[in-house]
Amino acid sequence: MDRAHVWHPYSPVPGTSTPLVVESASGVRLRLAEPFEGHRELVDGMSSWWAAIHGYAHPVLDAAVRDQLGRMSHVMFGGLTHEPAIRLAARLVEVTPPGLEHVFFADSGSVSVEVAAKMCLQYWRSVGRPGKQRLLTWRGGYHGDTFHPMSVCDPEGGMHHLWTGVLPRQVFADAPPVEFDPGYAQRLADLIGQHADELAAVIVEPVVQGAGGMRFHSPEYLRVLREACDAAGVLLIFDEIATGFGRTGELFAADHAGVSPDVMCIGKAISGGYLSFAATLCTSEVADGISRGSVPVLAHGPTFMGNPLACAVANASLDLLAHGDWKTNVKRIEAGLRAGLAPASGVPGVADVRVLGAIGVVQLDHEVDIAAATRAAGANGVWLRPFRDLIYTMPPYVTEDADLERICAAIVAAAAAG
Ligand code: PLP
């Protein structure tokens, strides 16, 4: 029935693979309807695409949704507001880098990137510079699957090249080197300067480029971008949808450099992975600029904007982050991944092993045989979802040492099999 009727991400219909049926999830474990490679329960190495940072069925998050459900599951956000949204917006302003003052709630990461692009383009129109409409980004990035985000994804990385000609034509800089390279930094600043008249904004994933290739780079480049954007009169967008809420070891990746963007996108872990939810934050300068325009409103308003259930669970997730020991846990996971993934370097076909915060990556010198690698991980009782030449983990922060060791062993086995 699934293969006949359900369309899965980046898949054909009728389906050609057989997805595992998950009956329930709790803590860091997925419980399957049928055993996979001998296991009914798999330790989740993926946090459901990096979102379930506190694990599944967390009592505090469950209670927040249940409590809100009794009051109001949804109400339109045009002309109406509610306490969970107000409280969440104020708290997001407090925890994100200084200067971000206004919060636009979106329903997914891709939409929050659409909103970020729209904010920047509309800002320049409003202040009398309508020619500034393009975005500059790094190669190797990923910002989502709707049209504006697709235009700033790595043009060679995925399937989005299908849309070349339809997508806005953006400006691409080379992907940043891992270590700080002053020559590269200068070239980057020069490129921004050269295109200043047509650039609305630079958009990047700070410190970690995720779905475009799991590459890490020096936070120093964020300072370079900030200075170059200021000098050229270009806005700076940080897409922290993957990196936000502690994944890299700081609450936001921008915190590694102490740099504030003009606009910031957050999603995924914002709701602890419970509900589809995201937000775009901006400075007062951007918001005021838009408000001074001939169309003085941001022309965007999704039906499920500011959903109270999502706001309530996001507030509860922030409570867990505020009172919990996520930072210690991410440090512990980082050390565990470094030790546990070290043996992967000796596996034939492994090109690189890298770790940052609660992110562990094994890169092969060839495309992963995804089915074989997934089975090898399953045989170790672990759920992984490799892509391209990458086998990686972004586990929930509550993953205990024994489970982390299992994840590492599964990655090494998957690297050998895939
Ligand atoms: N931006 C980044 C950095 C992402 O990693 C993703 C998703 O992986 C997105 C945007 C898109 O988010 P969503 O899948 O919620 O639309």
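From the C-alpha coordinates alone, can you work out the Kirkwood hydrodynamic radius of region 133-195, in Å?
Roughly 12.5 Å, rounded to one decimal.
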- Message: Just to verify a number: what accessible area does residue 241 come out at with the full protein assembly present, 1.4 Å probe, Å² rounded to tens?
- Response: 20
- Query: Top to bottom by accessible area (1.4 Å), largest first, where do 161, 8 land?
  - Reply: 161, 8
- Task: Please label the shape of region 138-288 as rounded, prolate or oblate, based on the square roots a ≥ b ≥ c of the eigenvalues of the alpha-carbon gyration tensor (a/c under 1.5 means rounded; beyond that, a/b larger than b/c means prolate, else oblate).
- Result: rounded
- Message: Given axes a ≥ b ≥ c from the Cα gyration tensor, I'd like to know whether region 362-418 is rounded (a/c under 1.5), prolate (a/b larger than b/c) or oblate.
- Response: prolate
- Quick one: Karplus J couplings for region 259-266, per residue in order, coefficients 6.51, -1.76, 1.60, θ = phi - 60°, nearest Hz, x for Gly and Pro? 10, 9, x, 7, 9, 9, 9, 9
- Item | Euclidean distance between Cα centres, region 300-315 to region 99-137, Å | 19
- Note on the structure: Karplus-derived 3J(HN,Hα) from phi for region 268-282 (6.51 cos²θ - 1.76 cosθ + 1.60, θ = phi - 60°), whole Hz, x at Gly and Pro, runs 6, 6, 4, 9, x, x, 7, 9, 5, 7, 6, 7, 10, 10, 9
- Message: What does DSSP give for the chain in terms of the percent of beta bridges that are antiparallel, rounded to the nearest 5?
- Response: 70
- Note on the structure: Yeah, region 32-165 with a ≥ b ≥ c from its alpha-carbon gyration tensor (a/c under 1.5 is rounded, else prolate when a/b outruns b/c, oblate otherwise) is oblate
- Which is the longest stretch in the chain that no exposed loop site breaks, taking sites as chymotrypsin sites (Phe, Trp or Tyr not before Pro) with a DSSP loop state and at most 14 other Cβ atoms within 10 Å? 11-418
- Task: Kindly write out, for region 410-416 in residue order, the coupling ³J(HN,Hα) from the Karplus curve 6.51 cos²θ - 1.76 cosθ + 1.60 (θ = phi - 60°), rounded to whole Hz, with x marking Gly and Pro.
- Result: 5, 5, 5, 5, 5, 5, 5
- the chain: Cα Rg divided by the 2.2 N^0.38 Å rule of thumb: 0.97
- Task: Go through region 270-338 and name the trypsin sites (Lys or Arg not before Pro) that are in a DSSP coil and have 13 or fewer other Cβ atoms within 10 Å of their Cβ.
- Result: 292
- Query: For residue 31 and residue 335 in one chain, what is 0.36 nm times their gap in residues minus the Cα-Cα distance, to one decimal in nm?
  - Reply: 106.7 nm
- Per residue accessible area of the chain, 1.4 Å probe, in Å²: 42
- Over the chain, with every protein chain in place, what whole percent of the accessible area is carbon and sulfur at 1.4 Å, could you tell me? 56
- Note on the structure: From DSSP H assignment alone, runs of 4+ in the chain each adding -39500 (n - 2.57), the sum over residues rounded to the nearest 500 puts [θ] at 222 nm at -11000 deg cm²/dmol
- Query: Quick one: Cα centre-to-centre distance for region 1-45 and region 51-65, in angstrom?
  - Reply: 21
- Note on the structure: Nearest-0.05 FRET efficiency for residue 190 and residue 288 at R0 = 30 Å, using Cβ-Cβ distance, is 0.50
- Between residue 146 and residue 375, what length in nm is gained on full extension when 0.36 nm per residue of separation is reduced by their alpha carbon distance? 79.3 nm
- Anyone know which of 27, 233, 183 comes out most mobile in the 10 Å Cα GNM of the chain? 183
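The values are calculated or read from the model by the stated rules, or taken from the named source; none is laboratory data. Keep in mind the model is a prediction, meaning the values are calculated, not measured. Please note: Cβ atoms are built from the backbone with ideal geometry, for glycine as well, and neighbour counts cover all protein chains shown. These accessible areas exclude ligands, DNA and RNA; they are computed on the full protein's heavy atoms, side chains included. Shrake-Rupley method; radii C 1.70, N 1.55, O 1.52, S 1.80 Å.
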